[in-house]
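Here is the structure we will look at, set down as structure tokens.
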Amino acid sequence: MRRMHIQNVEPGMVLGKAVYGENYEVLLNRGVVLVEGHINGLKKRGFIKVYIDDEETADVVIKDPISDKIRIMATKDILKTYELTQSAIVSIEAETTESIIKSINTPKIKNAFQENQAFKQMCKDINSFVDELMNENILSGLNSIKSFDNYTFEHSVDTAVLSIIIAKRLFLDKDKLRQIAIGEFLHDIGKIFIDEKIINKQGKLTTEEYEQVKQHTTYGYELLKDVENIGEASKHIPFQHHERQDGKGYPRGLRGNNKIDSGNVGYTDQDKLIMIAEIAAIADFYDACISDRPYRKGLAPDFVYGLIKDGSGTQFNRELVECFLGVMPKYPVGSEVRIKNGINKDFTGVVLSLNIQQLSRPKVKLLRDAKKNKITPCEIDLSSNITVDMECVC
């Protein structure tokens, strides 16, 4: 199986993973032989990439850390929570940050959110989500296909997956993992209080628009801060996921200490950057960068991996970055890659499997030569070919 850009998909190719619609109905099942109408329909719906099964990559197994059933359940829970909460705020006429915060803290809005049946269901379903991840220690990649309409909700699920895998490496207990999942599911909910035209703008934001977007962190916290039984950490993930170690983040310019907090990570100290939110900052950045959007291609996973590594100590908690590097491969399974040097320079292929001991040195299956001609597939193991370098091809 391989992940392929929709522009390169041709009639006759076989779909490797089911594709879901706006309401998570099945649009196309796995195994469907694609025709031109299918391909054009996917393009119109904003899909950038799909998974394709073919003989060349039949031995490439792309594993999703959670089942389709749990992924769809979680995404629907988030979507419905947003929709029902948003329906309760349509009458808000507040415009300034202060007036919006005041409106959020009215009984009408607070009750509408806390009594939201979708939110209550999400909190119940969190346990199933966390349980599926309990046996995962590393990721082969974040492999969801995000659609245009539901990007926010699918992004929230993927950031939760990555955050929990990092947190498990730190031996946090299940209650903390549950708080992380809730916080990540709702980390962007504050955006419902911002003009949709700004949120969905495809071009560069003006300074004023960017200042408005930055307030989503505060709005999310204000909405969650009085909710009982979700844990303090859940409330601080929306508040702090854009803070930085060097104090140049927002909304409050908190500074981190670049250390793993071995103490109580669920405290309520308002002026402290908490570790769970620092984990969320890494997960949010990674998934947002690699994700395809209708107006831009996602950045290559190895490039984003490098950005996080370079941001260690300034943007991201240095010790948590080391944890990230230990659970997320530089080259995810199924990624298309190009050899950069040696006798196979400019040959392309796909990542076949990972080396658990050296995540950045996987096994690769070469399929095309430097002139893009098909070759007899051959495998190279980068863990034993230490002089060979490669890069992901988007």
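Throughout, read-outs are computed from the coordinates displayed, never taken from laboratory work. The shown structure was predicted, so the numbers you read here are calculated from the model rather than taken from an experiment. Every residue, glycine among them, receives a Cβ derived from its backbone with ideal geometry; neighbour counts consider all protein chains shown.
Quick notes on this structure:
- Packing rank of 238-249, 1-12, where each peptide gets the mean count of other beta carbons within 10 Å, highest leading: 238-249, 1-12
- In order through the stretch 63-79: 3J(HN,Hα) via Karplus (6.51 cos²θ - 1.76 cosθ + 1.60), integer Hz, x for Gly, Pro: 9, 8, x, 10, 6, 4, 4, 6, 4, 5, 4, 5, 5, 5, 4, 5, 4
- Candidate aspartates and glutamates for bridging to Lys120, where Cα separation is under 13 Å - those fewer than 8 sequence places away on the same chain excluded: Asp77, Glu228
- The chain: antiparallel DSSP beta bridges as a percent of all, rounded to 5: 95
- Per-residue Cβ neighbour rank within 10 angstrom, fewest leading, Val14, Val350: Val14, Val350
- For the listed residue pairs Lys43/Lys80; Lys49/Lys225; Lys108/Lys235, the alpha carbons are over 31 angstrom apart in Lys49/Lys225.
- Under 12 Å from the Cα of Lys345 - aspartates and glutamates, other chains or at least 8 residues apart: Asp369, Asp389, Glu391
- Length-normalised contact order of the chain in % [C-alpha pairs under 8 Å, at least 6 apart]: 14
- The 3J(HN,Hα) values that the Karplus relation (6.51, -1.76, 1.60; θ = phi - 60°) gives for the stretch 364-371 are, in residue order, 10, 10, 7, 10, 9, 8, 5, 9 Hz. Gly and Pro appear as x.
- Length gained when the stretch Asn229-Val90 is fully extended (0.36 nm per residue, less Cα-Cα span): 47.3 nm
- Sorted ascending by nearby beta carbons within 10 Å, beginning with the fewest, Arg30, Arg338 become Arg30, Arg338.
- Distance between the 7 Å Cα→Cβ label points at Arg45 and Ile386: 4.8 nm.
- Listed pairs Lys69/Lys146; Lys124/Lys201; Lys309/Lys371; Lys191/Lys259 exceeding 23 Å between Cα atoms: Lys124/Lys201; Lys309/Lys371; Lys191/Lys259
- Taking other C-beta atoms within 10 angstrom as a stand-in for reagent exposure, Phe193, Phe285 fall in the order Phe285, Phe193, fewest first.
- A DSSP coil position with no more than 12 other Cβ atoms inside 10 Å describes the following GluC sites (Glu not before Pro) in the stretch 28-81: Glu55.
- Placing a label point 7 Å from the Cα of Gln202 along the Cα-to-Cβ line, the residues of the stretch 29-57 whose backbone N sits under 15 Å from it are 43-48.
- For the pair the stretch 130-171 / the stretch 316-390, the C-alpha centres are spaced 22 Å from each other.
- Sequentially through the stretch 138-155, phi angles give Karplus couplings (6.51, -1.76, 1.60; θ = phi - 60°) of 9, 10, 8, x, 9, 10, 6, 9, 8, 9, 4, 5, 10, 3, 4, 6, 5, 4 Hz, Gly and Pro residues having no value and appearing as x.
- Taking each residue as 0.36 nm, the span from Cys378 to Ser99 lengthens on full extension beyond its C-alpha to C-alpha distance by 94.1 nm.
- Two-site FRET efficiency, Asp195 against Glu22, from Cβ-Cβ distance with R₀ of 30 Å, rounded to 0.05: 0.85
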